[in-house]
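Input: a single structure, listed below in structure tokens.
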Amino acid sequence: MKNNKMLTMIIILLVAVILIGVILFVLLTQFNKPTGAVEPSIDEIVEATVEIPEITTNLADKRVVRLSLKIQTTSKDAAAELTKRVFQVQNIAIQELSEMEQKDLEGKQGKQIFQKSLKTRLNELMQEGEVQEVYFTSFITQ
């Protein structure tokens, strides 16, 4: 009788130790995983970036804007697709700008709104990857 109780206690203790070991193993392996994606190098960013030729167009208030863009995509394949779509990028940029006034493009916030709307519209077109960032390389309003 006493041996059965002792054997039961040893089995319970062994199961508890094994269970604690498994839990610790799972926790350690989960917390040691790399967090998120690794940031791309500048060379990878350049390979996935497309330069858009200078665009000159009228704004809604009859002012003129002249700008150049670089658009960063998620991959080389997405950049290749976007290169083929340069005419569509220019068209979308002109459409967006034609509804804006010079005051809408003033300051950091105005430019960021334009960049965000351009990014959203371009991502609707993209089939291979997506647009990550829209950069101004030149920007003049008159």
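Summary of values
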item: For the chain, built as a Gaussian network whose Cα springs stay under 10 Å, the top-fluctuating residue of T29, T49, T73; result: T29
item: Structure-derived volume of the Cα convex hull per residue in Å³: which label, when the choices are (i) 173; (ii) 142; (iii) 111; result: (i)
item: Cβ-derived FRET efficiency at R0 35 Å, D43 paired with R63, nearest 0.05; result: 0.35
item: Angle between the chain longest axis and helix 86-98 axis [Cα atoms, degrees, rounded to 10]; result: 70 degrees
item: Among F114, F87, F25, residue whose mean-square fluctuation peaks in a GNM of the chain (springs only between Cα atoms under 10 Å); result: F25
item: Helical contribution to [θ] at 222 nm, DSSP H n ≥ 4, -39,500 (n - 2.57), averaged over the chain, rounded to 500; result: -18000 deg cm²/dmol
item: Cβ-Cβ FRET estimate between F87 and Q30, R0 fixed at 35 Å, reported to 0.05; result: 0.15
item: Stretch gain in nm, segment K76-K108, where the contour uses 0.36 nm per residue and the Cα spacing is subtracted; result: 8.6 nm
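Every read-out reported here was derived from the displayed coordinates using simple, explicitly stated rules and does not represent laboratory data. In this text the structure is predicted, and so the values were computed from the model without any measurement. Cβ coordinates were reconstructed from backbone atoms using ideal geometry, including for glycine residues, and neighbour counts include every protein chain displayed.
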